[in-house]
Amino acid sequence: MVSDDAARFTLSSELLRQVEALGQKQALFPSPAGAVDEIVQQLEDINPIPCPLQSNHLSSLLGTWQLIYASRGTSVTRTLASYSTFWEVVKIKQIWQTLVTSGVHRILASNNILLDFSLLGEWQLGANGVWTWGEDQLSAKVSFNSFSLQARELFSLPSWSLPELKIPVLEFFQNEALWTTSYLDQNIRVGRGATGNLFVFRRKWELTK
C-alpha cells in the first residue's frame, strides 16, 4: 500500500507536469499526447477507488473539477478547432464540471466552459445532465436535459452581465452515453467515454475565474 501511494504521488505529479507542458491548445483540443495517456494508464492500474459510484466513495467523486486534458478534445473544442482563426479571437478561460448527488444512484452533472471573446466579453456555455447507474458501480449512463448560455462580462465590462438563458432538451432527444470513471483520488479524476476519449480532471477546491 505504501509503495502504491508513493507511485500514485509520483505519477500524479508527472501527469500534471506533462499536461502543463502541452499548453492549453494541445491539452484540450484533438491532439493525443502519448506521454499523458501512458501515465494515466499506469495510474489506472493502481486506482485506489476501483468502484467510485459506491455510496461510501461518492464524497470523493462529488464537487467541482477542472478539465485539464482531453485526448480527442470535447464536443465544444472539436467544433471550435474547425475554425482556423479561433485562437485569434477567442480564449478558453477554463472548462469545469460540477457533480452533485441527487437521490439514490443519481448524480446531477453540470459541464461548463468560459470563453473570452475579446471585445464581446466573457460568455459561459453549459450542459446540464444526469448520471444514473445500477449494480455496476464503475460506469454510469449520462444524458443531458438542458443547455445554458450567459454573458458574464459583456463587452469586457465586469459590471455588465445578462441572466442565464436555459434551453431544455425534450426527453425524446436525450440520448444516453456510457461514462466510466477509471481513476479517482482526492485531487485527480479520469473519465473515459464510450468511444475511448480520455478526460483528466483536477479538483477545484475553490472555483475561480
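The values are calculated or read from the model by the stated rules, or taken from the named source; none is laboratory data. In this text, all values refer to a predicted model and were calculated from it rather than measured experimentally. Neighbour counts are summed over all protein chains in view; Cβ atoms, including those assigned to glycine, are modelled from backbone coordinates with ideal geometry.
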**Report entry** Residue in the range 186-209 that is surrounded by the fewest Cβ atoms within 10 Å (Cβ to Cβ), counting only those that are within 15 Å of L62 (Cα to Cα) and either hydroxyl-bearing (S, T, Y) or modelled with pLDDT under 95 (or both)
**Finding:** E206
Query - Flag if L184 is of a type in the set (A, V, I, L, M), in contact (Cβ under 8 Å) with a residue 40 or more places away in the chain and under 20 Å from L53 (Cβ atoms) - result: yes
Report task. Quickly run through the range 91-148 and pick out the residues that are part of a helix (DSSP H, G or I) and not small (G, A, S). Result -> L119, L120
Report summary line: Within the range 122-148, of all residues that are touching a Lys or Arg at 6+ places or on another chain (Cβ under 7 Å) and not hydrophobic (A, V, I, L, M, F, W, C), the one nearest to V90 (Cα to Cα) is E122
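Matching residues to (1) touching a strand residue (DSSP E or B) at 6+ places or on another chain (Cβ under 7 Å); (2) closer than 18 Å to L67 by Cα:
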| site | (1), (2) |
| --- | --- |
| I95 | yes, yes |
| L120 | no, no |
| L125 | yes, yes |
| G129 | yes, yes |
| L138 | yes, no |
| K141 | yes, no |
| S146 | yes, no |
| Q150 | yes, no |
Query raised in the report: Which one is farthest from V142 (Cα to Cα), of the residues in the range 56-70 that are part of a strand (DSSP E or B) and hydrophobic (A, V, I, L, M, F, W, C)?
Result: I68
Query raised in the report: Could you list, in sequence order, the residues of the range 184-205 that are of a type in the set (V, I, T) and not in a strand (DSSP E or B)?
Result: T195
Report task. May I ask you to list the residues in the range 149-178 that are assigned to a loop (DSSP other than H, G, I, E, B), surrounded by 13 or more Cβ atoms within 10 Å (Cβ to Cβ) and not hydrophobic (A, V, I, L, M, F, W, C)? Result -> S156, S161, Q174, E176
Query raised in the report: On the given criteria, is A27 at pLDDT 80 or above and surrounded by 17 or more Cβ atoms within 10 Å (Cβ to Cβ)?
Result: yes
Requested in this report: Among the numbered conditions (1) closer than 21 Å to S75 by Cβ; (2) out of contact with any Leu (no Cβ under 6 Å at 6 or more places or on another chain), tell me where A194 comes up short.
Outcome: (2)
Query raised in the report: Counting just the residues of the range 98-120 that are at pLDDT 90 or above and either touching a Ser or Thr at 6+ places or on another chain (Cβ under 7 Å) or within 15 Å of A27 (Cβ to Cβ) (or both), which one comes out surrounded by the fewest Cβ atoms within 10 Å (Cβ to Cβ)?
Result: R106
